[in-house]
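Colleague: Please see the structure below; I have some questions.
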Amino acid sequence: MNYFPEAERPASSATQRLLSLDRLRGLLMVLMALDHAVFFLTRLHTVGEFWGGPYPSYNSALPFLVRWVTHLAATGFFFLLGAGQGMAARTRRRQGWGWGRTTGQFLLRGVLLIVVQLAVVNRAWELSPSGWVVKWYFGVLFALGGGLLLTAPLSGLKSWVYPGLALAALLACAWAGPRPGQWQHYLPLWKRFALAPGGDQNLWVSFPALSWLAPLLLGLAFAGWIEADAKRAMRRALVLGIVFLAAFAGLRLLDGFFNIRPANYRNWIDFLNVVKYPPSITFVLLTLGINLLLLALFHALDRVRLPAILPVFGRSALFFYVAHLFLYVGMGRLAGRGGVSIGWMFALWILGLALLYLPCRWYGRLRQRQPSGSLLRLL
């Protein structure tokens, strides 16, 4: 009996290059939901891995690993945004769109993502059962939208240009970014939005736009590679993933500039507990390396018949993002002030994913039926 009516069929040549991307995006949505389930349901969420101030520490592996695996989501989202942007730009050109019209659509989508952050997503955070005191919050959708605004004019460049831009962005942000000693100091507003997460109860920025440009630009490069030769692009993803992880290990041991905060290596947890806000060079290398290896693995499974759970979530990413926040907020409020145990949290996390599956499948189908220039395709 086929439990999943949408079980994946072997991909056709027209869709094969997309299935692995949808699978990876879907997996990242699931991991992100785990992080938010912990926050809303258990009340045990640690402080963020910020460049200054209190830093999370762990006495056992389980809470650390539950948090650590969710780090893959942020870097992966920006990489996949760039890949989708690059592939969409090439599709629009084949459809006869000019540079101006294509750029305008990306700019509009960037603005829409920021509007959704401020007008919709922030309402979910305000309902948090743990309490929420920030008036203006700028989260991941702000940085994704800001990344689109910054890179929209660059969508037509040659693929070989983007890796150089990504490296330049990574090094420039690390050089111009904040230092731990500046945590209690006043920072200008532009630097908050661009490079230095933090703020106060009136305004808090978790994802500055410039800090996350490097994985987005590498995604734009990957779009060109996959357009030219999907198999070769996936082999390149495998090689780059291994190289990035090796570079992470070396730079992590060197400490200092590449890690933002100096590290005190007592155990393997300390070694892997890297700065996320803003992403240190070691954070980007670690998480992007793992994402690339997962992408290569999913590509190897392209012709394997699997339940279509991950692609369904991957093809409705923004819908999933908004819906899952309100769903787990609601569960958290029903759980009461004390929250639930970690065991119940895992059960409710899986229940939430099951409840989201059919709405996400409906939305994904609706969105795919829309013409290229429609507003719904931008969401």
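The values are calculated or read from the model by the stated rules, or taken from the named source; none is laboratory data. Keep in mind it's a predicted model, so treat the numbers as computed, not measured. Here the Cβ positions follow ideal geometry from the backbone for every residue, glycine too, while neighbour counts run over all protein chains shown.
Colleague: Spot the failing condition for Y265; the list is (1) over 20 Å from P163 (Cβ atoms); (2) without any contact (Cβ under 8 Å) to a residue 24 or more places away in the chain; (3) assigned to a helix (DSSP H, G or I), and only one is missed.
Modeller: (3)
Colleague: Would you tally the residues in segment 71-102 being surrounded by fewer than 19 Cβ atoms within 10 Å (Cβ to Cβ) and of a type in the set (S, T, N, Q)?
Modeller: Looking only at that region, the number is 2.
Colleague: Could I ask something else about it? Starting from segment 270-285, keep only residues that are closer than 17 Å to P63 by Cα, then list their pairs with residues that are among the polar types (S, T, N, Q) and assigned to a helix (DSSP H, G or I) whose Cβ atoms are within a distance under 6 Å, requiring at least 6 positions of separation or different chains.
Modeller: Close Cβ pairs (under 6 Å, with a partner that is among the polar types (S, T, N, Q) and assigned to a helix (DSSP H, G or I)) amount to V274/T282.
Colleague: Same structure, new question: If you check V121, V134, V115, V111, which single one turns out to be in a helix (DSSP H, G or I), closer than 30 Å to G336 by Cβ and out of contact with any Lys or Arg (no Cβ under 7 Å at 6 or more places or on another chain)?
Modeller: Sole residue among the options that is in a helix (DSSP H, G or I), closer than 30 Å to G336 by Cβ and out of contact with any Lys or Arg (no Cβ under 7 Å at 6 or more places or on another chain): V121.
Colleague: Quick check on G364: is it over 20 Å from the mean Cα position of the chain (by Cα) and either of a type in the set (S, T, N, Q) or modelled with pLDDT under 95 (or both)?
Modeller: Considered against the rule, which asks whether it is over 20 Å from the mean Cα position of the chain (by Cα) and either of a type in the set (S, T, N, Q) or modelled with pLDDT under 95 (or both), G364 comes out as no.
Colleague: Now for a separate question. Out of the residues in segment 279-311 meeting the condition of being in a helix (DSSP H, G or I) and in contact with a Lys or Arg (Cβ under 7 Å, 6 or more places away or on another chain), tell me which one is nearest to S206 (Cα to Cα).
Modeller: Residue satisfying both the conditions and the ranking: F283.
Colleague: Same structure again: Any idea which of V161, V243, V239 is modelled with pLDDT of 95 or more, farther than 24 Å from G139 by Cβ and over 22 Å from the mean Cα position of the chain (by Cα)?
Modeller: V161
Colleague: Only one of (1) within 21 Å of V30 (Cβ to Cβ); (2) surrounded by fewer than 22 Cβ atoms within 10 Å (Cβ to Cβ) is not met by R337, so which one is it?
Modeller: If we test R337 against (1) within 21 Å of V30 (Cβ to Cβ); (2) surrounded by fewer than 22 Cβ atoms within 10 Å (Cβ to Cβ), just (1) comes out false.
Colleague: May I pose another question? If only one of L366, L348, L334, L353 is assigned to a helix (DSSP H, G or I), within 30 Å of G96 (Cα to Cα) and among the hydrophobic types (A, V, I, L, M, F, W, C), which one is it?
Modeller: Only one candidate qualifies: L366.
Quick grid of which residues meet (1) small (G, A, S); (2) in contact (Cβ under 8 Å) with a residue 60 or more places away in the chain:
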site	(1), (2)
F248	no, no
T287	no, yes
I290	no, yes
F298	no, yes
A323	yes, no
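Colleague: Give segment 357-379 a look and list any residue that's surrounded by 17 or more Cβ atoms within 10 Å (Cβ to Cβ) and in contact (Cβ under 8 Å) with a residue 60 or more places away in the chain, or say none.
Modeller: R361, L378, L379
Colleague: So, one more: Do the conditions hold for T75, that is, is it at pLDDT 95 or above and part of a helix (DSSP H, G or I)?
Modeller: Yes, satisfied.
Colleague: Here are some conditions: (1) surrounded by 23 or more Cβ atoms within 10 Å (Cβ to Cβ); (2) in contact with a Cys (Cβ under 8 Å, 6 or more places away or on another chain). L210 meets all but one. Which one does it not meet?
Modeller: (1)
Colleague: Filter segment 183-211 for residues that are in a helix (DSSP H, G or I) and more than 22 Å from the chain's Cα centre (by Cα) and give the result.
Modeller: Correct list: L189, W190.
Colleague: Which residue out of A237, A214, A246, A223 is of a type in the set (G, A, S), part of a helix (DSSP H, G or I) and either in contact with a His (Cβ under 8 Å, 6 or more places away or on another chain) or on the phi > 0 side of the Ramachandran plot (or both)?
Modeller: A237
Colleague: Taking the stated definitions as given, is I260 in contact (Cβ under 8 Å) with a residue 12 or more places away in the chain and not in a helix (DSSP H, G or I)?
Modeller: When the stated conditions are applied, I260 passes them.
Colleague: Is it true that some residue in segment 20-29 is aliphatic (A, V, I, L, M), closer than 22 Å to A209 by Cα and modelled with pLDDT of 95 or more?
Modeller: yes
Colleague: Then there's this: Contact list please: Cβ distance under 6 Å, first residue in segment 157-186 and touching a residue at least 24 places away in the same chain (Cβ under 8 Å), second residue surrounded by fewer than 20 Cβ atoms within 10 Å (Cβ to Cβ) and of a type in the set (K, R), pairs at least six apart or on different chains.
Modeller: P180/R261
Colleague: Mind telling me which of the residues L157, L165, L170, L144 ends up being assigned to a loop (DSSP other than H, G, I, E, B) and under 29 Å from R92 (Cβ atoms)?
Modeller: Selected residue: L157, the only one of L157, L165, L170, L144 that is assigned to a loop (DSSP other than H, G, I, E, B) and under 29 Å from R92 (Cβ atoms).
Colleague: Taking the stated definitions as given, is G100 assigned to a helix (DSSP H, G or I), more than 18 Å from the chain's Cα centre (by Cα) and at pLDDT below 95?
Modeller: Against the criterion (assigned to a helix (DSSP H, G or I), more than 18 Å from the chain's Cα centre (by Cα) and at pLDDT below 95), G100 qualifies.
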